[in-house]
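Working notes, beginning with the structure itself.
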Amino acid sequence: MTDLQKQIENIKRISGANPEKCMRCGKCTAACPNYSEMEYHPHQFVYFIENGQLDRLLKSDSAFRCMTCFACVERCPRDVKPAKLIEAVRLTLIRRKDSNYLKPDEIPQKIDEDLPQQAIVSAFRKYTK
Amino acid sequence: MKYSYYPGCTLKTKAKDLDLYARKCAEALGAELEEVDEWQCCGGVYTTAQDEIATKLSSVRALTCARDRGQALVTVCSACHNVIKRVNNDMAESEYVRTRVNNYMQPENPYKGETKVIHYLEFLRDEVGFDNIKKAVVNPVKRRIAAYYGCLLLRPGSVMAMDNPENPKILENFITAIGGTPVVSPYRNECCGAYLTLTDSAAPEKRSGLIVDSCEKKGAEMIITACPLCLYNLKKNGGDKLPIVYFTEILAEALGIK
């Protein structure tokens, strides 16, 4: 098994999602509120993981554009859970050494007086390890 | 009736009104909210991967405290509610998570998801009852109010189980109970842009702008929410078109507390 295949198997395992159930209706991408800001859209995450093209997803920052709002999960007629696959790709990226997407040094210039703490802890949980 | 209460990090700092009026209104409605002992931040977002164990521990500590007191656990912040309820579901349903969490924490009595987690809105609907709230209102709000649910209160519907995730009515029924007129926006359960506000502000600008515009076009005079991050994103990106407040503030106004 190649490294890429191992990573795909790990993504399937930790997400608990099965991309092979997908029937390509595209409803996940139609439901995604941020699809226009993503290089690869939710249905492509499902398709690429199923077809061994994970490397394309790992080279893109699309996984970091997902807001984990679960609209795609709620509306998928086949219960594929695209957001869980996207989260597993994001974890595959940030669990690598020195690969945090957001650095603590960047925070001071991004905050204003009203920003809730919730935003900072949420961003750290999604973007760093 | 006594409940365990989990305020969360933001309610102690930037969202003090969400917390303050939740407590005051509960008292006025005859319920006692007892803060969880030494609670820790829930982390703001639930991490969906099943091998994420450390990120679930703080929720389990709060859930265990409520269980040991024999109380249901009340949350107010949408984010805390989403995280704690989903972790509770994992502890009940996933042997993988339950075993690892209990092995790590070594509690005297292993936690298995026994606690009932209820959002403050569910407390109002199911414990107090909207009919009783209607009777307790002294200042009917008499405004056209748009409810903004966001994503965290409702999804995933199978776990959150608060209301129909696509066509909810709990907040609209709440608005009616306090004497207001609910205004329904098609964007009420669409994401505001969430934590992308820190990494890619284009998303919350676009999403929150759409939400506020839609509420305004539907004739709303005000937007209510349960989430501090939604409130921030809507206020920052929606211009000054409409006042945006926490639902507990408007409840306090109706009950004559604020």
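Condition check ((1) within 14 Å of chain B (Cβ to nearest Cβ); (2) small (Gly, Ala, Ser); (3) surrounded by fewer than 19 Cβ atoms within 10 Å (Cβ to Cβ); (4) out of contact with any Cys (no Cβ under 6 Å at 6 or more places or on another chain)) across all residues:
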{"site": "A:Lys12", "(1), (2), (3), (4)": "yes, no, yes, yes"}
{"site": "A:Asn18", "(1), (2), (3), (4)": "yes, no, yes, yes"}
{"site": "A:Asn34", "(1), (2), (3), (4)": "yes, no, no, yes"}
{"site": "A:His43", "(1), (2), (3), (4)": "no, no, no, no"}
{"site": "A:Asp61", "(1), (2), (3), (4)": "yes, no, yes, yes"}
{"site": "A:Arg65", "(1), (2), (3), (4)": "yes, no, no, yes"}
Enumerate the pairs (first residue in the range A:37-65 and modelled with pLDDT under 95; second residue anywhere and crowded, with 19+ Cβ neighbours inside 10 Å) with beta-carbon separation below 6 Å, excluding pairs fewer than 6 apart on the same chain, so at least 6 apart or on different chains. A:Glu37/A:Arg65; A:Glu37/B:Ala203
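Okay, residues lined up against (1) in a strand (DSSP E or B); (2) at pLDDT below 95; (3) in contact with a Leu (Cβ under 6 Å, 6 or more places away or on another chain):
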site	(1), (2), (3)
B:Tyr3	yes, no, yes
B:Gly8	no, no, no
B:Asp17	no, no, no
B:Leu20	no, no, no
B:Cys25	no, no, yes
B:Gly30	no, no, no
B:Glu34	yes, no, no
B:Trp39	no, no, no
B:Gly44	no, no, no
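A quick yes/no check of all residues on (1) small (Gly, Ala, Ser); (2) in the same structural domain as A:Ile14 (by TED's automatic domain parsing); (3) within 14 Å of the chain's Cα centre (by Cα):
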residue	(1), (2), (3)
A:Glu50	no, yes, no
A:Ala63	yes, yes, yes
A:Asp105	no, no, no
A:Pro116	no, no, no
Candidates B:Ala79, B:Ala66, filtered to the one that is in a helix (DSSP H, G or I) and within 11 Å of chain A (Cβ to nearest Cβ): B:Ala79
Counted residues, the range B:172-200 - those being outside any loop (DSSP other than H, G, I, E, B) and either surrounded by fewer than 22 Cβ atoms within 10 Å (Cβ to Cβ) or at the interface with chain A (Cβ under 10 Å from one of its Cβ atoms) (or both): 10
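The values are calculated or read from the model by the stated rules, or taken from the named source; none is laboratory data. This is a predicted model, so every value here is computed, not measured. Backbone-built Cβ (ideal geometry, glycine too); neighbour counts: all protein chains shown.
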